[in-house]
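Structure first, then comments.
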């Protein structure tokens, strides 16, 4: 169990590998969640489209916008 | 238009005010998104339950877990 | 209106695109503010030198150093 | 020398202490920079109005908004 | 398995609860690692001194200083 | 003196440069600490294996996991 308040289960739609960083797009219901992690992490977890994963986000990283 | 890749529209369910920080819970479809922002921001935006807001998260703040 | 406490208006001086990430330098008065965002965000916003933009930073991301 | 790309020298205008967190407002030229740090850090550095300090922000924490 | 590159196992030395946030100090070998998480997370995980836990930190959150 | 609560002294083991970002691995006692910083920062600090450096992490960026 991890303290991150936001944990969203979904399926990987896309993995783009750069030299140092990687972008991972996860489909969570109707939402797309985008993560920028290190390439090494993406490789360690062998992330690929179709994988069932959880996107985690610490509450201190979330902002609120109101019109 | 803002560069944050994750922008989720929802409705505020709860606002808890501390002395310096505030916790805001936003219902986004089936998901609950939790934000920890400064109390001053919560007051500046007059956040309260029922408000329609957008939760914003930079992609570099998102992690991926895989079983 | 967004909860990020730091919102600095300025003009883009430089955009450097990598495969996954992009670096954007914004001139804010006498200060240079540097952002590392995803390349996709830089492309979505069509960021280029001369653009008037706002750099946003959540208060929880700011540290203080004192000699 | 520290890797944080954004280092802005200024003067503390306000320190608000909560139980766990503290809010520090720094005047940097015409700009106000707001930091949310732990109360213990604010106490360790003996932060108070009038102190000359540097606000530091990692580039990966900066977002860009464009109208 | 989670993408956060820094995962340090240790034992909780101290938990301080504020209204919204909590500070948790973890002894990792000779190092003390300090986390500021939401109070709700600290309560959900029933964190208390003596608990064996893992401190997790995303690589994009780490800075480097060199003299 | 800087407000970041986590400051771990160690020796650089590896520097990998991408176009925009760089990955730096620091040996801190028995631990490896991994940082993703901008390439420009890595170049400004002339980071290379064998350098004695300090890894800094803000407490608000640390999460806690408990089994």
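The values are calculated or read from the model by the stated rules, or taken from the named source; none is laboratory data. These numbers come from a predicted model, not from an experiment. Backbone-built Cβ (ideal geometry, glycine too); neighbour counts: all protein chains shown.
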Where residue E:19 falls short, out of the listed (1) more than 28 Å from residue C:35 (Cβ to Cβ); (2) facing another protein chain (nearest Cβ under 7 Å); (3) not in a loop (DSSP other than H, G, I, E, B): (3)
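Please verify whether the stretch E:55-65 includes one or more residues that are touching a strand residue (DSSP E or B) at 6+ places or on another chain (Cβ under 7 Å), closer than 25 Å to residue A:35 by Cβ, modelled with pLDDT of 95 or more and away from chain D (no Cβ under 14 Å).
Yes; the residues of the stretch E:55-65 include at least one that is touching a strand residue (DSSP E or B) at 6+ places or on another chain (Cβ under 7 Å), closer than 25 Å to residue A:35 by Cβ, modelled with pLDDT of 95 or more and away from chain D (no Cβ under 14 Å).
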Is it the case that residue A:2 is buried (at least 20 other Cβ atoms within 10 Å of the Cβ), within 12 Å of chain F (Cβ to nearest Cβ), under 10 Å from the mean Cα position of the chain (by Cα) and within 27 Å of residue B:36 (Cα to Cα)? no
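Pull up the stretch C:29-44, narrow it to residues that are within 23 Å of residue B:56 (Cα to Cα) and surrounded by fewer than 21 Cβ atoms within 10 Å (Cβ to Cβ), then point me to the one that is farthest from the other protein chains (Cβ to nearest Cβ).
Filtering the stretch C:29-44 for residues that are within 23 Å of residue B:56 (Cα to Cα) and surrounded by fewer than 21 Cβ atoms within 10 Å (Cβ to Cβ), the one farthest from the other protein chains (Cβ to nearest Cβ) comes out as C:43.
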Kindly evaluate residue F:25 against the criterion of being assigned to a strand (DSSP E or B), under 14 Å from residue A:20 (Cα atoms), touching a strand residue (DSSP E or B) at 6+ places or on another chain (Cβ under 8 Å) and more than 7 Å from every other protein chain (Cβ to nearest Cβ). yes
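Select from the stretch F:28-52 the residues that are in a strand (DSSP E or B) and in contact (Cβ under 8 Å) with a residue 24 or more places away in the chain and write down the one among them that is nearest to residue A:20 (Cα to Cα). Before the answer, list the steps.
Restricting attention to the stretch F:28-52, the residues satisfying the condition of being in a strand (DSSP E or B) are F:28, F:31-38, F:52.
Restricting the remaining residues to those that are in contact (Cβ under 8 Å) with a residue 24 or more places away in the chain gives F:28, F:33, F:52.
Details: F:28: 22, F:33: 16, F:52: 22 Å.
Among them, the one singled out is F:33.
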Mind checking whether some residue in the stretch F:45-54 is within 22 Å of residue D:42 (Cβ to Cβ) and buried (at least 17 other Cβ atoms within 10 Å of the Cβ)? yes
Hey, can you tell me all the residues within the stretch C:1-16 that are under 22 Å from residue B:62 (Cβ atoms) and part of a strand (DSSP E or B)? C:2, C:6
